[in-house]
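The values are calculated or read from the model by the stated rules, or taken from the named source; none is laboratory data. No experiment lies behind these values; they were computed from the predicted model shown. For neighbour counting, all protein chains shown are included, and Cβ atoms are generated from backbone atoms with ideal geometry for every residue, glycine included. Heavy atoms of the whole protein, side chains included, go into the accessibility calculation; ligands, DNA and RNA do not. Shrake-Rupley method; radii C 1.70, N 1.55, O 1.52, S 1.80 Å.
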Amino acid sequence: NMWGISFEGKQLWHWKGSTGHFPAVADVDGDGKDEVFVGFTLLDDDGKVIFDNFKDNPEVQAPIHADATYIVKLPDGTWRLAFGNRGAHLGMVNGRELWHHSLPHTQHVVAGKFRGNSPVQFMFLDRGLVNPSPKVPATLYLYDLEGKELWRRVQPAGVGPRPAGKSIGREPACQ
């Protein structure tokens, strides 16, 4: 469940769905009010569903939540929505998925200009799988806007996701 709450503490709206871990907010429709990208759903500022890819795409329903979401505005003024769930996903504000890379357990995503050859790239942390045999290690992936993998770094054994703000080191390929 998710609720929109006013500054005065009044409930403005309620939405029930697959919330995931980390919602993202931005004014993607230009009306001066933020939309909420939560789980597989983009909600308008009044809580109404703009799209719900959980219902529209049954293949993304297992597991039933997105572990990470991120909204970024491109230099041309368009928006992209990135999320992690059994892979790296990039979509548009109308719900259309532009690309998807299957990965075991994508836990975090951030957008930024990590390299100078395009306006934005997307860094996904796949935490791997610790229970199967053989184990799948945690891996960082960097993709461009078209979904081309630019770089990857397998994390050393015993290294998993780190809290925000903690350095994982700079690799020459990321500069």
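Quick notes on this structure:
- Selection within segment 45-83 - modelled with pLDDT under 90 and either crowded, with 20+ Cβ neighbours inside 10 Å or not in a loop (DSSP other than H, G, I, E, B) (or both): D52, N53, F54, K55, D56, P58, E59, V60, A66, D67, A68
- Counted residues, segment 35-44 - those being surrounded by fewer than 18 Cβ atoms within 10 Å (Cβ to Cβ) and modelled with pLDDT under 95: 0
- Filter pass, S102 being over 29 Å from L140 (Cβ atoms) and of a type in the set (G, A, S): no
- Top-ranked residue of segment 7-19 - restricted to ones that are in a loop (DSSP other than H, G, I, E, B) and under 24 Å from F40 (Cα atoms), ranked as least open to solvent (accessible area, probe 1.4 Å): S18
- Verdict on P163 being in a loop (DSSP other than H, G, I, E, B) and at pLDDT below 85: yes
- Search result, residues across segment 138-158 that are open to solvent by 30 Å² or more (accessible area, probe 1.4 Å) and under 17 Å from the mean Cα position of the chain (by Cα): L145, E146, K148, E149
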